[in-house]
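Student: To start, I am sharing the structure in question, which I have written as structure tokens.
Where a number appears in this text, it was derived from the coordinates with a stated rule and is not lab data. Note that the structure is predicted; figures quoted are calculated from it, not measured. We place every Cβ from the backbone using ideal geometry, glycine too, and count neighbours over all the protein chains shown.
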Amino acid sequence: MTVRPDVIVIMTDEERAAPPYENSDITRWRAETLTGRAWFDEHALNFGRHYTGSLACVPSRPTIFTGHYPDVHGVTQTDGLGKMADDSRLRWLRAGEVPTLGHWFRAGGYDTHYDGKWHISHADLIDENTGQVLATNNSAGEVDQEAVDAYRAA
């Protein structure tokens, strides 16, 4: 049996490395307030020279997870007020179209899981009672197994 290291990818929105010109008040605030961030800086792999593949969040995520720029993977816009996620003019990454980080890890023998904002493909199920996206957990983080099963069966 091959022993593989555990890999956890944590992505955050709207965050950047501290600039070299940051003043001492902000540096102190970071040290006092962002203790979790400091822990990751000391104990985890940090891509300090990573540059975003796209300013918009939706094209940026497939860029990170596929290694391709938006003009290659085709996801070039973000849903929101101008276009809803199911708008036919909005292109999402299609299943099986471009391998993602998850595909590569599974090919390497890893058991993969994803939790959080996906924003790579439009694969949500709609709750027939509310018309909203079917959530797999509540606001307390408790898993709704019936919803999980519905996604697995889809």
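Student: Just in segment 57-154: which GluC sites (Glu not before Pro) are loop by DSSP and have at most 11 other Cβ atoms within 10 Å?
Tutor: Glu128, Glu142
Student: Using amide H atoms built in the peptide plane, which far-off residues or other-chain residues are under 5 Å from Asn137 H to H?
Tutor: Distant-sequence amide H within range of Asn137: Asp144.
Student: Give the range of the longest stretch in the chain that excludes all chymotrypsin sites (Phe, Trp or Tyr not before Pro) found in loop regions by DSSP and having at most 12 other beta-carbon atoms within 10 Å.
Tutor: Maximal segment without exposed cleavage sites: 52-113.
Student: Anyone know which of Gly141, Gly53, Gly80 comes out most mobile in the 10 Å Cα GNM of the chain?
Tutor: Highest fluctuation among the options: Gly141.
Student: Same structure, new question: Name the trypsin sites (Lys or Arg not before Pro) in segment 90-123 that are in a loop by DSSP and that have at most 12 other C-beta atoms within 10 Å, would you?
Tutor: Lys117
Student: What does the chain give for Rg and for Dmax, in Å, if only its C-alpha atoms count?
Tutor: 18.6, 54
Student: So for Arg89, Arg28, Arg37, fewest C-beta neighbours within 10 Å to most, what's the order?
Tutor: Ranked by crowding around the Cβ, least crowded first: Arg89, Arg28, Arg37.
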